[in-house]
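Chemist: Pasting in a structure now, in structure tokens, and then I'll have a few things to ask.
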Amino acid sequence: MRPFNELKHRAIDLAHELAAQPAATVKGVMTVVVGSEDRNLEALLKAERTAVLNTFGTADQQEEMLAFLEKRKPVFNKR
């Protein structure tokens, strides 16, 4: 496979993986990662903490914990 086609297929696979995750979690990760090269460690840790706390108590967070306890794959909301 040519390098461009391989990259294209990997990008599509990654997009499918991200689309299967809870929207609030993906948004939090993106908030931390995008522009991270311009922030110091303290600012990044604060942003990460905020992103994690923003998902506590959501239906998707509760589903993740329940699925873990039940040893099954979680089923997230698609909002």
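Chemist: I'd like to check which helices (runs of 4 or more DSSP H) are fully inside the chain and have at least 2 residues that are in contact with a helix residue (DSSP H, G or I) (Cβ under 9 Å, 6 or more places away or on another chain) and among the hydroxyl-bearing types (Ser, Thr, Tyr). Write out each step before concluding.
Modeler: On the way: elements: 3-19, 23-33, 41-55, 59-69.
Because the criterion is at least 2 residues that are in contact with a helix residue (DSSP H, G or I) (Cβ under 9 Å, 6 or more places away or on another chain) and among the hydroxyl-bearing types (Ser, Thr, Tyr), the helices (runs of 4 or more DSSP H) in the chain that meet it are 23-33, 41-55.
Chemist: For the range 35-79: of the residues being of a type in the set (Asp, Glu) and surrounded by fewer than 10 Cβ atoms within 10 Å (Cβ to Cβ), which is nearest to Gln21 (Cα to Cα)? Spell out the reasoning first.
Modeler: Residues of the range 35-79 of a type in the set (Asp, Glu): 37-38, 42, 48, 60, 63-64, 70.
Narrowing the set further to residues that are surrounded by fewer than 10 Cβ atoms within 10 Å (Cβ to Cβ) leaves 37-38, 42, 70.
Numbers: Glu37: 25, Asp38: 27, Glu42: 27, Glu70: 18 Å.
Selected residue: Glu70.
Chemist: Do we find that Gln62 is out of contact with any Leu (no Cβ under 7 Å at 6 or more places or on another chain) and touching a residue at least 12 places away in the same chain (Cβ under 8 Å) in this structure? Write out each step before concluding.
Modeler: Details: out of contact with any Leu (no Cβ under 7 Å at 6 or more places or on another chain): yes; touching a residue at least 12 places away in the same chain (Cβ under 8 Å): no.
No.
Chemist: Quick test of your reading of the structure: Val75 fulfils all but one of (1) hydrophobic (A, V, I, L, M, F, W, C); (2) in contact with a Pro (Cβ under 8 Å, 6 or more places away or on another chain); (3) at pLDDT below 95. Name the failing condition by number.
Modeler: All conditions pass for Val75, except number (2).
The values are calculated or read from the model by the stated rules, or taken from the named source; none is laboratory data. Remember, it's a predicted structure, so these values are computed and weren't measured experimentally. Please note: Cβ atoms are built from the backbone with ideal geometry, for glycine as well, and neighbour counts cover all protein chains shown.
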